[in-house]
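The values are calculated or read from the model by the stated rules, or taken from the named source; none is laboratory data. All values reported here derive from a predicted model rather than from experimental measurement. Cβ coordinates were reconstructed from backbone atoms using ideal geometry, including for glycine residues, and neighbour counts include every protein chain displayed.
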Amino acid sequence: MRPFTFERAKTPADAAAAAARHPDAKFIAGGTNLLDLMKLQIETPAHLIDVNGLGLEKIEATQEGGLRIGALVRNADLAAHHRVRRDYGVLSRALVAGASGQLRNMATTAGNLLQRTRCPYFYDTNQPCNKRLPGSGCGAIGGFSRPHAVIGVSDACIATHPSDMAVAMRVLDATVETINPDGSARKIPIAKLHCLPGDTPHIETVLMPGELITGVTLPKPVGGKHIYHKVRDRSSFAFALVSVAAIVQPDGTGRVALGGVAPKPWRVEEAEAELPRGAKVFTARLLAGARPTPENAFKLRLVERIVASVLAEAKGAQV
Amino acid sequence: MKFDMPATTNPIDQLKVIGKATERIDGPLKTTGTAPYAYERHDVAVNQAYGYIVGAAVAKGRIESMDLTAAKAAPGVIAIVTAENAGQLDKGNLNTAKLLGGPAVDHYHQAIALVVAETFEQARSAAHLIHVDYERAKGAFDLAIAKNSSTPPKPGFGGPPDSAVGDFVGAFESAPFQFDATYTTPDQSHAMMEPHASIAAWNGDKLTVWTSNQMIAWSVGDMAKTLGIPKENVRLISPYVGGGFGGKLFLRADALLAALGARAANRPVKVALQRALMMNNTTHRPATIQRLRLGATKEGKLTAIAHESWSGDLPGGSPETAVSQTRLLYAGANRMTAMRLAVLDLPEGNAMRAPGEAPGMMALEIAMDEMAEKLGLDPIEFRILNDTQVAPDNPAKPPSSDPQSKAPEEKHYPHPPFSQRRLTECFRTGAERFGWNKRNPVPGKSREGHWLMGIGVAAAFRNNLVMKSAARVRLDNKGVVTVETDMTDIGTGSYTIIAQTAAEMMGVALHQVVVRLGDSDFPVSCGSGGQWGGNSSTSGVYAACMKLREAVAQKLGFDSTKAVFADGQVRDGGRSTPLAQAAGESGLVMEDAMEYGDLDKKYQQSTFGAHFVEVAVHASTGETRVRRMLAVCAAGRILNPKSARSQVIGAMTMGMGAALMEELTVDKRHGFFVNHDLAGYEVPVHADVPHQEVIFLDETDPISSPMKAKGVGELGICGVAAAIANAIYNATGVRVRDYPITLDKLIDRLPEVA
Ligand SMILES: Cc1cc2nc3c(=O)[nH]c(=O)nc-3n(C[C@H](O)[C@H](O)[C@H](O)COP(=O)(O)OP(=O)(O)OC[C@H]3O[C@@H](n4cnc5c(N)ncnc54)[C@H](O)[C@@H]3O)c2cc1C
Ligand code: SF4
């Protein structure tokens, strides 16, 4: 771990401004991802700005009938919130499918969105990794790639975004709210938050230096059956091999986003028109252009099987 | 004391303390966090500095240059140890690769430097400033390829590499039913909770190391040898071990580098192996490729059995002895086994819980299930049909290749009877309790909602080893009995069964016994390994207590053959004297060891069991979730049913890991285990562990020791994974022969999702 200085910011604007003063600064929220990476010398900030005191831990109704989730709301609290459980079941289910109880008590909404990949080569500083050390190559391509992405990948990087929560937020059409060091605020649709790797896998989001996430808003509830189906190698405390977040309406229309298959939550709105035609047709559209490795090609078939199962479950629930 | 005749009635048979379900005497210390584990011994030496290990970044090659300038100048750094400045170092007898590499690098994450600093954080930060240039060499990392140039290994723990009885080839070719399949098991990691950790302090030329180690005497010897100092100058202290599973049988880098660091820093140094180094820096269970061939009559009698196994290791290493159990488990007149060892440049392989049998049973017991199906027989009936009371294949040790060897020729017994073998009873008892008759023998036919349900069975088998073990017992004038032995408690319950043994022998209450373990100043025990620890260490305590009883009887004027030790009294012919009276002011101390004759050659000593498992396989995703497990064990006298049960359910859980998720993934280009942390190397979590039940058959084995006990700690893992594999087959109709059975190996062969 590189030695660092530390400060506690008082307001969101202060935090963003402080980040602008220290080019090598990082915000720290729950610390459950950042600290691990610092101990392994993967993240080496020279300055930490603690954002836990910004008063961003509230969940409030919006005028539009949706919900505004503060950036510092803990994953455990968000999952347990009565409105989330009633109106945004897919989010609650995705959250409790992630990590462990202890971690969810610490992990925050913004931190979860910005958590970094679990690619084992990214985690081993002896290995090449374009994300950790741009230009050094990609260890996973041609190596161990079973957990890696099958779509949205590039020749530079095939890492997944590991979050469960973000997949549910993607299917809910959430909007990320931020504040910049100059005090200006902006709203970023979650679909636009994460970048595909291209030639620059170290650039993971559209956030500017010092830009602070202040909250996430969910639009008015859309009803339907909310399902989050996470598939992993053990029953709990494991990242998804594949996860499916779905909202299915009684008429068979709906929305589906995938986790564990891409560098960002994977959703293709145009493909959703095919949902009533069944899992095969829909999945073919959703995963068109996929570039799996021999080790993770099974994910394509797995997605189709889970989607089929999810659609069957949704239908069953309406009987 | 020598044990060379079967045990007759002795004080242990009273079973006042032994055999009773007893809570761990060290339990309160552990549950309150006050048991002193190695890294937390802040009290034992003042001014401890912190060491951080740098692991090699390549699998094979040479260090061309190492730039320590920045690290040396970093805040708090006291010393940096490398092969260049560590002085002349030998290699331990039980280490395959050097514990401090450089300039040659033998495997990935081999330690190449230790940074010692005032704080842990400073040591870690400085370690990252060391810049190393390597010259990479080509290595062999793929067992499937290296297998082609494998050779017969030297005979070792698992016996000679080859064995043959009758005419396998002829019998197999003429068998009406033949089965031939190849199985693979992956590299596995011990992945114990407590990493290897040590604090070392020098006092002149004397070294003391507080560490976490299963085999104190082995490691004292290897520490002395590596440093080139007399054994007498090395003291190891390891009273508590946070899991070992074979990973702490040997001197490892933490202990050696703590010693070297302390010498360089001129003050005590503590070192814990970083989690990220555990998988590649230490030992692991090697992967195997195993071919099984079975030939049988149409009635299901095995006439031909062949088991071949290939594994790899660094040059000078040893094989995974995966064919051992096949020599002993089932009858059959014509048989062959063979082990071959390939050179691999992966980290060194070595013992992990039930070495040999654990992966061997993973293959053999699927093969038996497959053959039963071929024969149209119930898998339990097929196994019972081929049960045997004599060892079918007990190859002789080849004569020593050392012409100077003074070892007397050992008499060889080609087909010794089993001292106890109740495999059939294990199956019958388990079948009844588990509801075996509810199993649909046709696979893929039972369903509960989304889940395909299946039941599977497998035999459990693990040899019983006996090892010389010594102890010292002291009686004081308050009647307190103190036992000292360098035996270790690796979470198994050694403290408690040793206390129970002393209490039974001396006729005192359990709380009147103090047990002190894991210190090389104490008499040399058998240590903890190979499931011999429970039986052998208590037998050593038995021997010492026998001596103490004689001394007490003599002091108090009793006939030691008639005196009864009970309730803190010594009694005979109407006279009763307090035991404590024999102690006098200075106490009474006796020491003895139990040594073994050739009963373990005249008789085959093994432990047996049957594993039953019910699984649910998700019809869409292929995820397997275990629902119920039962193990029935026949393993001699169970000294403490409570800790024995814990051993068996822990082993069943570990077997579940082997079946479903555990695999060190090899990067075959760069030669290292990629998933080297506990996020990447998955072991079962609580949610994976369902209802588990253990039944011990009531058994005593007078051939094994005066305790009439055997081991259970490894028996419990042997066969579990195959039982799960067989249950998955029963659930799905999909046979997977490559462990672990992850969903990607199933989904293509599962029915379409409706
Ligand atoms: C063992 C383990 C298992 C896990 N399993 C799962 C799982 O199954 N599923 C899953 O989804 N996740 C899992 N996680 C990941 C976990 O969800 C994340 O670690 C957590 O959500 C991160 O939140 P945090 O608040 O602790 O973030 P931090 O570690 O504090 O920060 C993460 C990143 O976000 C940045 N950041 C934080 N807050 C802000 C802000 N307001 N504005 C801008 N940037 C900010 C930080 O600078 C940092 O780069 C697991 C983690 C661990 C350690
Ligand atoms: S997949 Fe991405 S994160 Fe993983 S090694 Fe390649 S570049 Fe690095």
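Output the number of residues of region A:258-282 satisfying the condition of being more than 19 Å from A:His194 (Cα to Cα), surrounded by 16 or more Cβ atoms within 10 Å (Cβ to Cβ) and touching a Leu at 6+ places or on another chain (Cβ under 8 Å).
4
Looking only at residues that are surrounded by 18 or more Cβ atoms within 10 Å (Cβ to Cβ) and in contact (Cβ under 8 Å) with a residue 60 or more places away in the chain in region A:301-319, which one is farthest from A:Gly139 (Cα to Cα)?
A:Ala314
Return the only residue of A:Arg170, A:Arg186 being outside any strand (DSSP E or B), among the basic types (Lys, Arg) and either within 16 Å of ligand 2 (Cβ to nearest atom) or modelled with pLDDT of 95 or more (or both).
Testing whether each residue is outside any strand (DSSP E or B), among the basic types (Lys, Arg) and either within 16 Å of ligand 2 (Cβ to nearest atom) or modelled with pLDDT of 95 or more (or both) leaves just A:Arg170.
Can you find, within region B:71-103, the residue that is nearest to the other protein chains (Cβ to nearest Cβ) among those that are out of contact with any Leu (no Cβ under 7 Å at 6 or more places or on another chain) and among the β-branched types (Val, Ile, Thr)?
B:Val77
What is the residue count in region B:372-424 for residues that are over 17 Å from B:Gly332 (Cβ atoms), hydroxyl-bearing (Ser, Thr, Tyr) and at pLDDT 95 or above?
1
Inside region B:111-186, counting only strands (runs of 3 or more DSSP E) that do not spill past its ends, which hold 2 or more residues that are of a type in the set (S, T, N, Q)?
B:177-185
Within the bounds of region B:236-256, is there any residue that is touching a residue at least 24 places away in the same chain (Cβ under 8 Å) and over 29 Å from B:Glu714 (Cβ atoms)?
No; the residues of region B:236-256 include none that is touching a residue at least 24 places away in the same chain (Cβ under 8 Å) and over 29 Å from B:Glu714 (Cβ atoms).
Taking region A:292-306, which residues are at the interface with chain B (Cβ under 9 Å from one of its Cβ atoms) and assigned to a helix (DSSP H, G or I)?
A:Phe298, A:Lys299, A:Arg301, A:Leu302, A:Glu304, A:Arg305, A:Ile306
If the Cβ limit is 6 Å and pairs must be 6+ apart or interchain, which residue in region B:418-436 that is among the hydroxyl-bearing types (Ser, Thr, Tyr) pairs with which residue that is in a loop (DSSP other than H, G, I, E, B)?
As it stands, the answer is B:Ser419/B:Tyr603; B:Ser419/B:Gln605; B:Ser419/B:Asp701; B:Ser419/B:Ile703; B:Thr424/B:Asp387, since those pairs meet every condition given.
Under the condition of being hydroxyl-bearing (Ser, Thr, Tyr) and either part of a helix (DSSP H, G or I) or within 28 Å of B:Ala634 (Cα to Cα) (or both), which residue from region B:645-670 is farthest from the other protein chains (Cβ to nearest Cβ)?
Step one: list which residues in region B:645-670 are hydroxyl-bearing (Ser, Thr, Tyr), which gives B:646, B:653, B:665.
So of that shortlist, the ones also either part of a helix (DSSP H, G or I) or within 28 Å of B:Ala634 (Cα to Cα) (or both) come out as B:646, B:653.
Numbers: B:Ser646: 22, B:Thr653: 12 Å.
Ranking the candidates gives B:Ser646 first.
What single numbered condition from (1) surrounded by 20 or more Cβ atoms within 10 Å (Cβ to Cβ); (2) under 20 Å from B:Pro315 (Cα atoms) fails to hold for B:Ala201?
With respect to (1) surrounded by 20 or more Cβ atoms within 10 Å (Cβ to Cβ); (2) under 20 Å from B:Pro315 (Cα atoms), B:Ala201 is out only on (2).
Which of the residues that make up region A:272-291 are part of a helix (DSSP H, G or I), over 19 Å from A:Ala245 (Cβ atoms) and not hydrophobic (A, V, I, L, M, F, W, C)?
Hits for region A:272-291 are A:Arg277, A:Lys280.
Which members of region B:69-80 meet the condition of being in contact (Cβ under 8 Å) with a residue 60 or more places away in the chain and surrounded by fewer than 20 Cβ atoms within 10 Å (Cβ to Cβ)?
B:Ala70
Can you find a residue that is farther than 30 Å from B:Gly246 by Cα, of a type in the set (D, E, K, R), outside any helix (DSSP H, G or I) and in contact with a strand residue (DSSP E or B) (Cβ under 6 Å, 6 or more places away or on another chain) anywhere in region B:553-566?
Yes: region B:553-566 contains one or more residues that are farther than 30 Å from B:Gly246 by Cα, of a type in the set (D, E, K, R), outside any helix (DSSP H, G or I) and in contact with a strand residue (DSSP E or B) (Cβ under 6 Å, 6 or more places away or on another chain).
Please enumerate the residues belonging to region A:131-159 that are under 13 Å from A:Glu204 (Cα atoms) and within 16 Å of ligand 1 (Cβ to nearest atom).
Once the filter is applied, which keeps residues that are under 13 Å from A:Glu204 (Cα atoms) and within 16 Å of ligand 1 (Cβ to nearest atom), region A:131-159 yields A:Lys131, A:Arg132, A:Ala159.
Specify which of the listed residues (A:Val176, A:Val150) is away from chain B (no Cβ under 14 Å), more than 11 Å from ligand 2 (Cβ to nearest atom) and crowded, with 23+ Cβ neighbours inside 10 Å. Spell out the reasoning first.
Values: A:Val150 fails: away from chain B (no Cβ under 14 Å).
The conditions single out A:Val176.
Please go through region B:307-340 and give me each residue that is hydrophobic (A, V, I, L, M, F, W, C) and either outside any strand (DSSP E or B) or under 21 Å from B:Arg737 (Cα atoms) (or both), ordered by number. Spell out how you get there, then give the answer.
Here is the first cut: in region B:307-340, the residues hydrophobic (A, V, I, L, M, F, W, C) are B:310, B:314, B:322-323, B:328-329, B:331, B:333, B:336, B:338-339.
Result: B:Trp310, B:Leu314, B:Ala322, B:Val323, B:Leu328, B:Leu329, B:Ala331, B:Ala333, B:Ala338, B:Met339.
Need pairs with beta-carbon distance below 6 Å; first residue at the interface with chain B (Cβ under 10 Å from one of its Cβ atoms) and within region A:222-236, second β-branched (Val, Ile, Thr) and surrounded by fewer than 19 Cβ atoms within 10 Å (Cβ to Cβ); sequence gap 6+ or separate chains.
Hits for this filter: A:Arg234/B:Val685; A:Ser236/B:Val685.
What are the pairs with Cβ atoms under 6 angstrom where one residue, in region A:274-285, is modelled with pLDDT under 95 and the other, located anywhere, is outside any helix (DSSP H, G or I)? Sequence gap at least six, or different chains.
Within 6 Å, the pairs are A:Pro276/A:Gly252.
Select from region A:1-27 the residues that are farther than 25 Å from A:Pro134 by Cα and either among the basic types (Lys, Arg) or within 14 Å of another protein chain (Cβ to nearest Cβ) (or both) and list them in ascending order.
A:Phe6, A:Arg8, A:Lys10
Could you tell me which residue of region B:598-644 is nearest to the other protein chains (Cβ to nearest Cβ), considering only residues that are hydroxyl-bearing (Ser, Thr, Tyr), touching a strand residue (DSSP E or B) at 6+ places or on another chain (Cβ under 7 Å) and under 17 Å from B:Val712 (Cα atoms)?
Filtering region B:598-644 for residues that are hydroxyl-bearing (Ser, Thr, Tyr), touching a strand residue (DSSP E or B) at 6+ places or on another chain (Cβ under 7 Å) and under 17 Å from B:Val712 (Cα atoms), the one nearest to the other protein chains (Cβ to nearest Cβ) comes out as B:Thr607.
Return the residue satisfying two criteria in turn: it lies in region A:15-27 and is surrounded by fewer than 17 Cβ atoms within 10 Å (Cβ to Cβ) and not aliphatic (A, V, I, L, M), and of such residues it is nearest to ligand 2 (Cβ to nearest atom).
The first filter runs over region A:15-27 and keeps only residues surrounded by fewer than 17 Cβ atoms within 10 Å (Cβ to Cβ), leaving A:20-21, A:23-24.
Subset that is not aliphatic (A, V, I, L, M): A:21, A:23-24.
Values: A:Arg21: 30, A:Pro23: 23, A:Asp24: 21 Å.
So, considering only residues that are surrounded by fewer than 17 Cβ atoms within 10 Å (Cβ to Cβ) and not aliphatic (A, V, I, L, M), the one nearest to ligand 2 (Cβ to nearest atom) is A:Asp24.
So is B:Val115 in contact (Cβ under 8 Å) with a residue 60 or more places away in the chain and in contact with a Phe, Trp or Tyr (Cβ under 6 Å, 6 or more places away or on another chain) or not?
Values: in contact (Cβ under 8 Å) with a residue 60 or more places away in the chain: yes; in contact with a Phe, Trp or Tyr (Cβ under 6 Å, 6 or more places away or on another chain): yes.
Answer is yes for this residue.
Among the residues of region A:32-79, which ones are within 16 Å of ligand 2 (Cβ to nearest atom) and over 16 Å from B:Glu121 (Cα atoms)? Even if it seems obvious, please write down each step before you answer.
Of region A:32-79, the ones within 16 Å of ligand 2 (Cβ to nearest atom) are A:33, A:36-37, A:40-43.
Residue satisfying the conditions is A:Asn33 alone.
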